[in-house]
Amino acid sequence: MTTLKNDRFLRALLREPVDTTPVWMMRQAGRYLPEYRATRAKAGDFLSLCKNNDFACEVTLQPLRRYDLDAAILFSDILTVPDALGLGLYFEAGEGPKFHKTIRTEQDVANLPNFNAKSDLDYVMNAVTTIRSALGGQVPLIGFSGSPWTLATYMVEGGSSKDFRYTKQMMYAQPEVLHALLDRLAIAVIDYLNAQIDAGAQAVQIFDSWGGALGHREYIEFSLNYMQKIVAGLKRENEGRKVPVILFTKGGGQWIEPMLATGADALGLDWTTPLNVARQTVNGRAALQGNLDPATLYGTPASIAKATKAMLDDAYAGGEKTGYIANLGHGITQWVDPANPKVFIDTVHEYSAKYL
């Protein structure tokens, strides 16, 4: 087992002392980097990039060569699980992910095949192992999955959606069908994340990208309850260390209290939630991660530094010394100048020293 040279990300997740605030960025390996675009061009398409061990490792490491990041995140896609369940994932230029098959009926759910993450998604596990080896203990590696609700929206809609027409119709007209699907997905995600942990992931994040589209009661019933089931089913220790779990619901800042009840080690926040208020609400019961508006990185170096410092002031306003990871409130976008994330990352490390 390689000794971890920089473990401040894991320490902050567990609310242990850190020397400076750890920072990483959701979607940090992505289209804003010219080297990523070059590797994707070599791969031919996005799915080939995900499924090729060497390419997946390469793009995971690319942002770490440019920036002083405190964690790497596995390069993959949240839709690998539905793809492995036989829905036929494909990508159309300018339109995002799509599926050849949809799940709309009770029989569709019943027809879903059995799922075994280690065999059905062996390319993901191979990538995790390869990346861990290539990192050489430089920083921890984060594994991840989409939440059952988020995965279900893609499976029912057949792709991305703005109004979730078919999923919400199922939710209100045939809730038992949606619950059956969500339960199948929760079991699959537990298996998937545990397989990533066995392969070498040192922390895991559940991306509930579309939880914020739900009403407050429906969020608990159709999203959070299934994420709680996942947290309860996860392997929480490996290689002699705890494996922290981060729960991120975009648009979910109003559900901090029920999210805490899941037992997750950390909650990710988008940019709509005041960080100082969230810290007061959490009151040391979990770590927090976030929550700079990704669009901030369109600004000037001065404006990026100013916004980052304001975020850190909010994060430490209550006098806390740890339990905070700096991040964006959602994924970095493809139009960001690659020079700008460095301003954000370096400001986090330099400015937070006054609080620690």
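FYI, it's all coordinate maths here, none of it is from the lab. The shown structure was predicted, so the numbers you read here are calculated from the model rather than taken from an experiment. Neighbour counts are summed over all protein chains in view; Cβ atoms, including those assigned to glycine, are modelled from backbone coordinates with ideal geometry.
Tabulated values for the structure
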| item | result |
| --- | --- |
| Computed over the stretch 274-314, Cα set: Rg, Dmax in Å | 11.8, 36 |
| Helix 53-66 axis, angle to the chain major axis (alpha carbon atoms, nearest 10°) | 30 degrees |
| Relative contact order computed over the chain (Cα-Cα under 8 Å; 6+ residues apart), in percent | 22 percent |
| Segment Lys162-Asp122, extension gain: residue separation times 0.36 nm, minus the distance between their alpha carbons | 11.2 nm |
| Expected 222 nm ellipticity per residue - DSSP helices of 4 or more, -39500 (n - 2.57), all of the chain, to 500 | -12500 deg cm²/dmol |
| Exposure proxy order (Cβ contacts within 10 Å, fewest to most) of Tyr154, Tyr226 | Tyr226, Tyr154 |
| Radius of gyration, Dmax [the stretch 8-355; alpha carbons; angstrom] | 19.2, 59 |
| Listed peptides 157-165, 208-216 by packing density, highest first (mean Cβ within 10 Å) | 208-216, 157-165 |
| Prolate/oblate/rounded label for the stretch 139-283 (Cα gyration tensor, a/c 1.5) | oblate |
| Of Val243, Met227, Ala266, farthest towards positive along the dipole that unit charges on Lys, Arg, Asp, Glu beta carbons give the stretch 219-275 | Val243 |
| Derived scalar couplings ³J(HN,Hα) [the stretch 272-279; Karplus, 6.51 cos²θ - 1.76 cosθ + 1.60; whole Hz; x for Gly, Pro] | 8, 9, x, 5, 5, 5, 4, 5 |
| Ranking of Asp270, Asp198 by count of other Cβ atoms within 10 Å, fewest first | Asp198, Asp270 |
| Overall form of the stretch 65-192 per C-alpha gyration tensor (a/c, 1.5; a/b vs b/c) | prolate |
| Order of Thr300, Thr347, Thr130 - criterion: other Cβ atoms within 10 Å of each residue's Cβ, fewest first | Thr300, Thr130, Thr347 |
| Cα→Cβ-extended label distance, 7 Å offset, between Gln169 and Thr102, nm | 0.7 nm |
| Listed residue (Gly159, Tyr90, Gly30) projecting farthest to the positive dipole end of the chain, Cβ model | Gly30 |
